[in-house]
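The values are calculated or read from the model by the stated rules, or taken from the named source; none is laboratory data. Only a predicted model underlies this, so the values are computations on that prediction, with no experimental measurement involved. Here the Cβ positions follow ideal geometry from the backbone for every residue, glycine too, while neighbour counts run over all protein chains shown. Calculation scope for accessible area: heavy atoms of the full protein, side chains included, ligands and nucleic acids excluded. Shrake-Rupley method; radii C 1.70, N 1.55, O 1.52, S 1.80 Å.
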Amino acid sequence: MAGAIVVEGLVKSFGTVEALRGIDLDVAPGTVFGLLGPNGAGKTTAIRILTTLLLPDGGRAEVVGLDVVRDAEALRSRFGLAGQSAAVDENLTGLENIEMVGRLYHLPSAEARARAVEILERFGLADAAGRQAKTYSGGMRRRLDVAASLVARPDVLFLDEPTTGLDPRSRMDLWAMIRELVNEGKTILLTTQYLEEADNLADRIAVIDLGTVIAEGTSDELKDQIGGEVLELHVQDRADLATIVEILAGIGTGEPTLDHEAGRIRIPVGSAGPSTLLDSVPRLDDGSIAIADIALHRPTLDDVFLSLTGHAAEQEEDPDAAATKRRGRARGEDPR
Amino acid sequence: MRVATEPSAAVDLSTRVRYGVADGMVVMRRNLLQILRIPTALVFELAQPIMFVLLFTIVFARNIANLPPGFTYVMFLMPGIFVQNAIFGSTTTAIGLAEDMKKGLVDRFRSLPMARSAVLVGRTTSDVAKNLILLLLVIVVAYLVGFRFQNGVVGAIGMIALVLSVGFVFSWISAVVALAIKQVEGVQAAMFTGIFPIVFVSAALVPVIGMASWIQPVAEHNPVTVWANTARVLALGDVAIPPNYGPQTLQGLLITSVVWIAGLLLVFVPIAIRMYRKLT
């Protein structure tokens, strides 16, 4: 059986900015697929094309077997969209919001109402159903947003950065909700900037940067690919950095990366973190190197990007600026 | 369980029309709820026509020449003010749309299987309702400064219908501006910069005959002049027909008014819907 979401060679440019440079995805029904990348990577562009908000320049995409361009009209009643790309009306109550979306899915009025009541109950918003959405907390608003996307019981759900800007508690709540939806058999494609989030929720993850999928696999596969844990050292004197690299040569599973400005060295150590840490301490001691801090780190999105692209994942306010900047540098390093 | 809409080929025209109307009404209802939820917005919008009524009547009234014989400036002015106010009032269409775009609501609507016309139809029709409320309030203010309808109830109702239709036309123009500019602040500035000359170079506020001679032909053919004169005749009777230009009967004025309204709608409604479809 074909995937619930199939994307082949999707291309999209905005003027001179290439937002998507030919991405391929295949999402199996009933699974969560995480699209992981920094701002400006092309995640939202991909979601906007898949939800018929934007026409692709090239390539093709199908959701539940329907082409996002040719069958756009039929497709719109088959998926739900929530997050960055969609919103709730803050002047309407929670109930009115869900009811309105239900009516716009062409549910009969009585059913739209009943469904709104049911869904607000389920998302823990029953008590707030009669209040205007502008009185909701950030977490409640996001739950309302996701609730609205579910009103017509779609098989496929697109969640565009569903937890960005939420406090940890609200994030946990939303994660629990998403897991529940998957258990019911829904297919979910979510975008996120957080490896932790993809790690927690997604069956498969595609890492996307500069409009290209640069790695794909399960969370474990990706972590193996980027070398698992990282040993991170901060020195007191930056002059020691080179010496440390010499002293610790061969200790990790990959080449160390240096950050002179921060006085920091990061060494990929695979899954042998604790023993490598213990190994390194006496060596540094013998070399009389003063260390400000030494610690083991689980891989972060930064590590993924460092390892996969050779540059850091920058989180900037303006996604275009970030993308342009990185593109410029990518061109500089890799002239084609 | 699946919702009612099935692949596009299967959706026949009558279903399409039915959904178009139903979806438009859902959006209209949502916009009207918003007006009820933020009544202060209406109060602020009312402040502007009241200010115009007072400024024009207190400051200009005895300085305006060339009035039709037997008319006070207040009587001459008010139907024009009603038309002007409907045109100014249409900027809320642009602002409302721009805000919905900014907040992501338009994205949500565009991802739903609803009619592509519904967001625009819902917005322009709810603004007609809003304009009606404003118009009735401004008529009350006009009565307080001495204005009186003199052409019977039918004339008064006809004038109200005409003024609301003019507002409806400008709501669609306003929608096109919003869809082109997409920013709340820019939309407001663009609307007022465009609207002021259209309203001022017309017979809405002063008779055409006292304007610079080179601009008189422009003013005479400005649709706002046609509408203002028609509103004036509907409100006050045939004595308000300007003798030196334009149709010389109420019927003639009505036909010209309706042709302008229908013509502008035929141009701007399809443009607006097309732009909405092609939003990115």
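Some values worked out for this structure:
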{"read-out": "Residue in segment A:159-176 that is among the hydrophobic types (A, V, I, L, M, F, W, C), buried (at least 21 other Cβ atoms within 10 Å of the Cβ), at pLDDT 90 or above and not in a loop (DSSP other than H, G, I, E, B) present", "value": "yes"}
{"read-out": "Cross-chain or 6+ apart pairs with Cβ under 7 Å, segment A:23-44 first and closer than 15 Å to A:Lys12 by Cβ, then of a type in the set (S, T, N, Q)", "value": "A:Ile23/A:Thr212; A:Leu35/A:Thr191; A:Lys43/A:Thr191; A:Thr44/A:Gln84; A:Thr44/A:Ser85; A:Thr44/A:Thr191"}
{"read-out": "Residue within segment B:42-59 that is over 23 Å from B:Pro242 (Cα atoms), within 14 Å of chain A (Cβ to nearest Cβ), touching a residue at least 24 places away in the same chain (Cβ under 8 Å) and surrounded by fewer than 20 Cβ atoms within 10 Å (Cβ to Cβ) present", "value": "yes"}
{"read-out": "Qualifying residue in segment A:108-131 (condition: at the interface with another protein chain (Cβ under 8 Å from one of its Cβ atoms) and either open to solvent by 10 Å² or more (accessible area, probe 1.4 Å) or over 22 Å from the mean Cα position of the chain (by Cα) (or both))", "value": "no"}
{"read-out": "Sole residue being touching a residue at least 12 places away in the same chain (Cβ under 8 Å) and buried (at least 24 other Cβ atoms within 10 Å of the Cβ), chosen from A:Gly94, A:Gly65", "value": "A:Gly94"}
{"read-out": "Selection status of A:Asp203, buried (at least 18 other Cβ atoms within 10 Å of the Cβ) and under 28 Å from A:Gly139 (Cα atoms)", "value": "no"}
{"read-out": "In segment A:20-41, the residues that are open to solvent by 10 Å² or more (accessible area, probe 1.4 Å) and not charged (D, E, K, R)", "value": "A:Gly22, A:Ala28, A:Pro29, A:Gly30, A:Thr31, A:Asn39, A:Gly40"}
{"read-out": "Yes/no for A:Val146 being at pLDDT 90 or above, within 11 Å of A:Ala82 (Cβ to Cβ) and either assigned by TED's automatic domain parsing to the domain that holds A:Asn97 or not in a loop (DSSP other than H, G, I, E, B) (or both)", "value": "yes"}
{"read-out": "Number of the exception - B:Asp100 against (1) open to solvent by less than 30 Å² (accessible area, probe 1.4 Å); (2) away from chain A (no Cβ under 14 Å); (3) under 23 Å from the mean Cα position of the chain (by Cα)", "value": "(2)"}
{"read-out": "Boolean, A:Arg78 is surrounded by fewer than 24 Cβ atoms within 10 Å (Cβ to Cβ), within 14 Å of chain B (Cβ to nearest Cβ) and in contact (Cβ under 8 Å) with a residue 24 or more places away in the chain", "value": "yes"}
{"read-out": "One residue from A:Lys186, A:Lys223 being modelled with pLDDT of 85 or more and of a type in the set (D, E, K, R)", "value": "A:Lys186"}
{"read-out": "Residues located in segment B:11-31, provided they are at pLDDT below 90 and either within 16 Å of A:Ala74 (Cα to Cα) or facing chain A (nearest Cβ under 10 Å) (or both)", "value": "B:Val11, B:Asp12, B:Leu13, B:Thr15, B:Arg16"}
{"read-out": "Count of residues meeting criterion [assigned to a helix (DSSP H, G or I) and open to solvent by 10 Å² or more (accessible area, probe 1.4 Å)] in segment B:132-169", "value": "21"}
{"read-out": "Residues (in contact (Cβ under 8 Å) with a residue 40 or more places away in the chain, over 18 Å from B:Pro49 (Cβ atoms) and either open to solvent by 40 Å² or more (accessible area, probe 1.4 Å) or small (Gly, Ala, Ser) (or both)) located in segment B:170-185", "value": "B:Ala175, B:Ala178, B:Ala180, B:Ile181, B:Lys182, B:Gln183"}
